[in-house]
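**Student:** Before I ask anything, let me first share the structure, which is written out below as structure tokens.
The values are calculated or read from the model by the stated rules, or taken from the named source; none is laboratory data. Predicted model, so just to flag it, every value in this text is computed and none were measured. Cβ: placed from backbone, ideal geometry, glycine included. Neighbour counts: every protein chain shown. All accessible areas refer to the heavy atoms of the entire protein, side chains included, with ligands and DNA or RNA removed. Shrake-Rupley method; radii C 1.70, N 1.55, O 1.52, S 1.80 Å.
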Amino acid sequence: MPGLRHPILAIAAFTLLTAGGVAQSTSSANPLPVITSHASDSYAIYSLLLSEGASRNTSPQHLAIADTTVSADDMNPATEPDSELQPPPESEHAFYQAVQDFQARRQQRAQLEHQFKLDRSYTLMSAGEVEGFSKRAPGAESGLRGITSITRFSQVYFSAAQNAALVYTDSVCANPCANGHWIYLEKRDGQWVRRSSAIADPADTYAIYSLLLHDDPYPGLPQKQGQLAIADTTVNITDMNPAIAPDSELQPPPNNAEAFREAVQDFRARRFERLQLKRDFHLDVDYTLLNPDDVAAYKSTQTGYPAINFFSEVYFDSKQTAALVYRNTFCGRLCANGEWIFLEKTGDQWVRRSGLNI
């Protein structure tokens, strides 16, 4: 019978058409999921970072945020958190638990909602709007007055106890924005604080440390002979004695007050961070990096080195041409001369502009 010719082909064709229809309807009926697990903490972290960035970079009043989180495949450059960041020594376990959460969810994307808590208005921009924004000609109107970039976030990846977190963020611009970076945070007294990030160029950080050590390896010490010793972990605001902000001790230079203010803002954003230092100093003498146990042993015996040099992280302005750093030289009861130092970059060289002994 003609109507029953090739029944298997007819059934196969029907099956393909049906499957295709189901796939299309399923795709359209199932958009990306919204963040439900740890949503309040995720949006608290997003809001913190947006508020810090707006304050530091004097961003426009209105913010633009991509409404879809990025996966590992979307990151530019492609990067792993544990390759870019060093965990604080006392928080390695929590840090690597957050890394494991990233590895488990690295291909996932989520839809963001209007749950940001900001002191300014913002717009969530769709994937199509983000793509159109990135392809517009430089200087062309974006449709959002004053907006020059769109902030993108990954999902937030948490430790098992949900007291440590990793998040990736970057910006989309008309011109390429090579500013993707990971940030590590910890929850303290119910508030999220940034602990480590890789925003600053480490070459500038070590150039500044090396400059200060070269100019005066033992500030305030009459005895300047012996092995140069440097603590291998930076100090944060809780380690400083007294715990004091740079703008409480230093006056901004009249000709560069805005850069000074931005560096202070960077300090306030990262004041609880600690960084593990590497042997990247450029010195004409040998030096030793002391771990926390070595430091404790020196403080107990006060032998082996004339003193130990402690540094904070270096806090930069948005252009990374001005910087603040805290330095303390410890040699027992005879000295503990903490000071804040402000520096500016002239060409490729850092120059010390001001510093006041505390």
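**Student:** Which of rounded, prolate, oblate describes region 77-127, given a ≥ b ≥ c as roots of the alpha-carbon gyration tensor eigenvalues and a/c under 1.5 marking rounded, otherwise prolate only if a/b is larger than b/c?
**Tutor:** Prolate, because a/c is 1.5 or more and a/b exceeds b/c.
**Student:** If the chain between SER134 and ARG188 were fully stretched, how many nm would it gain, using 0.36 nm times the residue separation less the Cα-Cα distance?
**Tutor:** Value of the extension gain: 15.7 nm.
**Student:** I've got another one for you. How do the peptides 267-274, 343-350, 324-331 rank, highest first, by the average count of neighbouring beta carbon atoms within 10 Å per residue?
**Tutor:** For the peptides 267-274, 343-350, 324-331, the packing ranking is 324-331, 267-274, 343-350.
**Student:** Run the 1.4 Å probe and let me know the accessible area of LYS135, rounded to the nearest 10 Å².
**Tutor:** 150 Å²
**Student:** Please give the contour-minus-distance gain from LEU118 to VAL351: 0.36 nm per residue of separation, less the Cα-Cα distance, rounded to one decimal in nm.
**Tutor:** 80.2 nm
**Student:** I would also like to ask the following. Go through region 265-281 residue by residue and turn each phi into a ³J(HN,Hα) via Karplus (6.51, -1.76, 1.60, θ = phi - 60°); whole Hz please, and just put x for glycine and proline.
**Tutor:** Ordered by residue, 3J(HN,Hα) equals 4, 5, 4, 5, 6, 10, 5, 9, 6, 10, 10, 7, 7, 10, 7, 10, 6 Hz.
**Student:** Can you give me the accessible area per residue for region 213-286, using a 1.4 Å probe, in Å²?
**Tutor:** I get 52 Å² per residue for this part.
**Student:** Assuming R0 = 45 Å, what is the FRET efficiency of THR301 and PHE272, from their Cβ-Cβ distance, to the nearest 0.05?
**Tutor:** 0.90
**Student:** While we're here: For the pair ALA257 and TYR96, how long in nm is the line joining their label points, each one 7 Å along Cα→Cβ?
**Tutor:** Result: 5.0 nm between the two label points.
**Student:** Also, I was wondering about something else. For the pair ALA245 and ASP215, how long in nm is the line joining their label points, each one 7 Å along Cα→Cβ?
**Tutor:** Result for the modelled spin labels: 2.5 nm.
**Student:** Grab the Cα-Cα distance for GLN111 and LEU289, subtract it from 0.36 nm times how many residues apart they are, and report the gain in nm with one decimal.
**Tutor:** The GLN111-LEU289 span can extend by a further 59.5 nm.
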